[in-house]
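Values quoted throughout were computed directly from the atomic coordinates according to the rules given, and no laboratory measurement underlies them. The structure presented is a predicted model; accordingly, all values stated were derived computationally and were not measured. Cβ coordinates were reconstructed from backbone atoms using ideal geometry, including for glycine residues, and neighbour counts include every protein chain displayed.
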Amino acid sequence: MKERIDILDLTLEELAFELGKLNIAQYRAEQIYAWLHRGVLDFYDMTNIPKDMRALLDKSFKTSSVKILDILQSEDKSTAKYLFLLDDGNIIEGVVMRYTYGNTICVSTQVGCKMGCSFCASTKAGFVRDLSAGEMIAQVLAAERHIDADKGKRGIKNIVLMGSGEPLDNYENTLKFLNIIHHSLGLNISYRNITLSTCGLVTRIYDLADEGLPITLSISLHAPNDELRKEIMPIAHRYGIDEIIQSSKYYFKKTGRRVTFEYALIDNVNDRKDHAMELGQKLKDFPCHVNLIPINEIRDSHYVRSSEKNIDRFIKILQGYDIQVTRRRELGQNIQGACGQLRRDYLGRYISHSKGE
Ligand code: SAH
């Protein structure tokens, strides 16, 4: 039998095209699309679609699902971390952060990651596969369903592509996801409420800039010079910081969106006074934003988070260069909030369990 197409993986135009092959009128695409992105994934629940058409749809398409395997809530209930099970048995994670102005979901783009950053739990077990756009959408829909059940209201307003994986290493699917999630008949999330985080794949930053979408680009820099960056991020062997800054300037020019640089502060590794000054020198005069994150300590890593004194000093030095600096609100410390930690712990438990230990 022909492999059924994942309907969540289709843009509205693609859906209309696929329906055309089944002799289904184009306006049905809009109806079906609206149902799907309202979280109605069972064709038999689509009440404005004739019954025989529902059966045909059910025979012709599948909907990629992510099932919630586990949820960890932070003590103050502001953050929920989801462990999602994919149809092929792979596990990914997502985080929902509740803010007064709306909920934010952190979406994963790959199972595992190839990038090998030394402080990141997502990459420790290597790369498994890319996620499809449909699987990214399914994470948002699953979280919406859960929020719905929990609070009696919908409400993902912001998307951050900061879960496991490198979004620009899964470029086509990520772009498709952005198209689908933004569509007015879909979840209708404004591009301005979407942030894509990358370790700095420079050629792809240029490509993304040329797409002209007003999403926020966030670049994980974590070091003020290439020597130090190479020690903590293997990607630094491929692209230098100067190239990254050049591409960010191009991104800003093309989209008008200020670029954010993420900088995870690690005690005595990248948090010294001279590091802050070097970073300040590099970024001054560029209307960007620096987001400082005290590193989340993970298993099998000797990195320790910076002291409050060093964090404050770092902030003040950057401000001295007139750079806009924020410190990331730390959510979910008690729920394995750092990227990939929960999945890693879960896989660790499962694997040792199945070995009979
Ligand atoms: N691959 C993308 C997106 C995923 S990681 C990227 O590199 O940006 C999302 C952010 O979390 C990145 O800034 C990443 O560097 C950071 N991060 C990963 N592990 C971390 C840890 N243990 N503590 C603090 N930040 C971490």
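From most to least packed by mean Cβ count within 10 Å, the peptides 96-102, 31-37, 260-266 give 260-266, 31-37, 96-102. Comparing G320, L279, V128 along the charge dipole axis of the chain, the residue lying farthest to the positive side is G320, per the Cβ-charge model.
Cα gyration tensor of region 5-62, axes a ≥ b ≥ c as square roots of the eigenvalues: rounded (a/c below 1.5), prolate (a/b > b/c) or oblate?
Values: a/c = 1.30, a/b = 1.08, b/c = 1.20.
Because its axes are fairly even, with a/c under 1.5, region 5-62 counts as rounded.
Ordering H146, N173, A223 by Cα displacement along the dipole of the chain toward the positive end leaves H146 in first place; charges were set at the Cβ atoms of Lys, Arg (+1) and Asp, Glu (-1). Farthest towards the positive end of the charge dipole of region 66-353, among the residues G89, F261, G240, is the Cα of F261, using unit charges on the Cβ of Lys, Arg, Asp and Glu. Extension gain for R328-R299 works out to 8.3 nm (0.36 nm per residue, less the C-alpha to C-alpha distance). This ranking places H146, H302 by how few other beta-carbon atoms lie within 10 Å of each, fewest first, which gives H302, H146.
Note on A55 and T100: their simple-model spin labels are 5.5 nm apart, each label 7 Å out from Cα toward Cβ. What whole number of Å gives the distance from the Cα centroid of region 246-287 to the Cα centroid of region 40-108? First find each Cα centre; the distance between them is then 35 Å.
The alpha-carbon of K249 sits under 18 angstrom from the alpha-carbons of these aspartates and glutamates, leaving out residues fewer than 8 places away in its chain: D207, D210, E211, E262, D285, D322. With R₀ set to 22 Å, the beta-carbon distance separating E308 from D274 gives a calculated FRET efficiency near 0.70. Peptides 177-187, 306-316 ranked from most to least packed by the mean count of surrounding Cβ atoms within 10 Å: 177-187, 306-316. Scanning the chain for long hydrophobic helices, with DSSP H runs required to stretch 24 angstrom or more by C-alpha along their axis and to average at least -1.0 on the Kyte-Doolittle scale, returns 133-151. Using equal-weight Cα scatterers in the Debye expression, the normalised intensity of the chain in log10 at q = 0.07, 0.11, 0.13 Å⁻¹ is -0.32, -0.77, -1.04.
Take the alpha carbon gyration tensor of region 213-316, find the square roots of its eigenvalues, order them as a ≥ b ≥ c, and report rounded if a/c is under 1.5; if not, report prolate when a/b exceeds b/c, else oblate. Prolate, because a/c is 1.5 or more and a/b exceeds b/c. Each of E13, E3 was scored by other Cβ atoms within 10 Å of its Cβ. Arranged with the fewest first, they read E3, E13.
Full extension of the chain between Y44 and E227 yields a length gain of 60.1 nm, computed as 0.36 nm times the residue separation minus the alpha carbon distance. For the chain, a simple Cβ point-charge model (Lys and Arg +1, Asp and Glu -1, everything else neutral) yields a dipole of about 580 debye relative to the Cα centre.
Loop-only check: which GluC sites (Glu not before Pro) in region 72-145 are DSSP coil with at most 16 other Cβ within 10 angstrom? Qualifying residues, ordered by number: E75.
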